[in-house]
Amino acid sequence: MTSMQPFWWFALPVLLLPVWWHMRKRERTRTDLLATARFLPSAAPQQQRVLRWSDVLLLLVRLALLTALIAWMAVLAMPWKGDTVFIDPSLEASPWAAQQVQSAGMSAASREPLPADLWNWLALNEHEWRPEARFLILAPHAAMPALPPRLVHAADLRLAPPSTAAHMPTRERHVVVSATAERLPRWQALFSAFSTAADGANRYVLSDTPTAATELIVWDRPDAEPPAAWRAPLWWRTANANGQTQTPQGLTWTAPQWPLQDVDGARALYERWQAATAPTAPYPMPAQALKAERKQPLPTPLARSPEWLALALLALFAIERILAHARRR
């Protein structure tokens, strides 16, 4: 949504005004007296208003003119925003953010939450800001775009120190463990240790049956097969040798001894697991000041009103004036 443009469509009920105006009977301002009327008693003239259609062609032209005007206002983009600070929600209450806003001289600037895809979002919505507006971007980190950003407005990207940004919330990771009663406590102890790794960024929730959120199934029953309906991206199963196999139920890692008892083996398994499932980290973008590289914003459907709509408005206005003048004559 660009500014308040789409709300102009709520003005369509205005089209009822010319319909009402054309349907009501006009008052006659000229009266002619008959010669024999002097023999009749005088009486005040009485007029009765009736609804009737009149000047249908002029009515249709005026309706089309109002519709075209509303449509033109609904797609017209007018830059109305000034200096803006884009700030990550985790930095809203930090003294560092307040210091950066003050040092940049943008204490009176409006604030907006930092968009997820910042540079593409700015390129598509930059027509909402006035040409002299500036951008101050405060974020804990920023991903390097494939191409250098080229904006109409100058942008100052400032990155918060690592200690300033709020801690990331703990991520729940769902694991299904199916093991015998004597081996289940070992698995519980292993995943409890995994939960303390990486400064507690992950919390492992163990359950008995898989769900859509399950990312690992531990099947520690060498003498039985798992249910065919169970699915998970990764399986740990007991086998005679270490290996990795892709099955219809998911990728399977095998080992002759589960769970691992030594610390080094558990650490190696944890690092291998995290490396295989961790999302790709984008290349970080350093803090920098970006100069204005474009003279005009990129054309977008809402930022550019169609030329034919403006020509239609001009033509309809000219026709309406001609018909109104002809009716008076």
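The values are calculated or read from the model by the stated rules, or taken from the named source; none is laboratory data. Source: prediction; values computed, not measured. We place every Cβ from the backbone using ideal geometry, glycine too, and count neighbours over all the protein chains shown. Heads up: the accessible areas ignore ligands, DNA and RNA and are worked out on the full protein's heavy atoms, side chains in. Shrake-Rupley method; radii C 1.70, N 1.55, O 1.52, S 1.80 Å.
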Testing residue 144 on (1) open to solvent by 20 Å² or more (accessible area, probe 1.4 Å); (2) in contact (Cβ under 8 Å) with a residue 40 or more places away in the chain; (3) more than 30 Å from residue 11 (Cβ to Cβ); (4) touching a helix residue (DSSP H, G or I) at 6+ places or on another chain (Cβ under 8 Å), one condition comes back false. Which one is that? (4)
Residues that are more than 16 Å from residue 291 (Cα to Cα) and among the small types (Gly, Ala, Ser), drawn from region 84-138: 90, 93, 94, 97, 98, 103, 105, 107, 108, 109, 110, 116
Out of (1) at pLDDT 90 or above; (2) aliphatic (A, V, I, L, M); (3) within 21 Å of the chain's Cα centre (by Cα); (4) within 23 Å of residue 298 (Cα to Cα), the odd one out for residue 152 is which? (3)
When you scan region 271-329, how many residues do you find that are modelled with pLDDT of 85 or more, basic (Lys, Arg), surrounded by 11 or more Cβ atoms within 10 Å (Cβ to Cβ) and under 24 Å from residue 153 (Cα atoms)? 1
Among (1) open to solvent by less than 50 Å² (accessible area, probe 1.4 Å); (2) in a helix (DSSP H, G or I); (3) modelled with pLDDT of 90 or more, there is one condition residue 175 misses while meeting the rest; what is its number? (2)
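Does region 195-202 include one or more residues that are outside any helix (DSSP H, G or I), in contact with a helix residue (DSSP H, G or I) (Cβ under 9 Å, 6 or more places away or on another chain) and surrounded by 19 or more Cβ atoms within 10 Å (Cβ to Cβ)?
No: region 195-202 contains no residue that is outside any helix (DSSP H, G or I), in contact with a helix residue (DSSP H, G or I) (Cβ under 9 Å, 6 or more places away or on another chain) and surrounded by 19 or more Cβ atoms within 10 Å (Cβ to Cβ).
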For region 203-219, the count of residues that are more than 11 Å from residue 235 (Cβ to Cβ), charged (D, E, K, R) and part of a strand (DSSP E or B) equals 1
Within the set of pairs 6+ apart or on separate chains, which have a first residue in region 178-199 that is touching a residue at least 40 places away in the same chain (Cβ under 8 Å) and within 21 Å of residue 226 (Cβ to Cβ), a second that is open to solvent by 60 Å² or more (accessible area, probe 1.4 Å) and not charged (D, E, K, R), and C-beta atoms under 8 Å apart? 186/261; 187/206
When the residues of region 222-252 are narrowed to those that are surrounded by 14 or more Cβ atoms within 10 Å (Cβ to Cβ) and over 36 Å from the mean Cα position of the chain (by Cα), which ends up farthest from residue 185 (Cα to Cα)? 252
Give me a count of the residues in region 97-127 that are touching a strand residue (DSSP E or B) at 6+ places or on another chain (Cβ under 8 Å), surrounded by fewer than 19 Cβ atoms within 10 Å (Cβ to Cβ) and in contact (Cβ under 8 Å) with a residue 40 or more places away in the chain. 1
Residue within region 135-144 that is under 30 Å from residue 323 (Cβ atoms) and under 20 Å from the mean Cα position of the chain (by Cα) present: no
Any idea which residue in region 255-270 is modelled with the lowest pLDDT, counting only those that are open to solvent by less than 30 Å² (accessible area, probe 1.4 Å) and not in a helix (DSSP H, G or I)? 259
The one condition residue 186 fails out of (1) assigned to a strand (DSSP E or B); (2) over 24 Å from residue 246 (Cβ atoms) is (1)
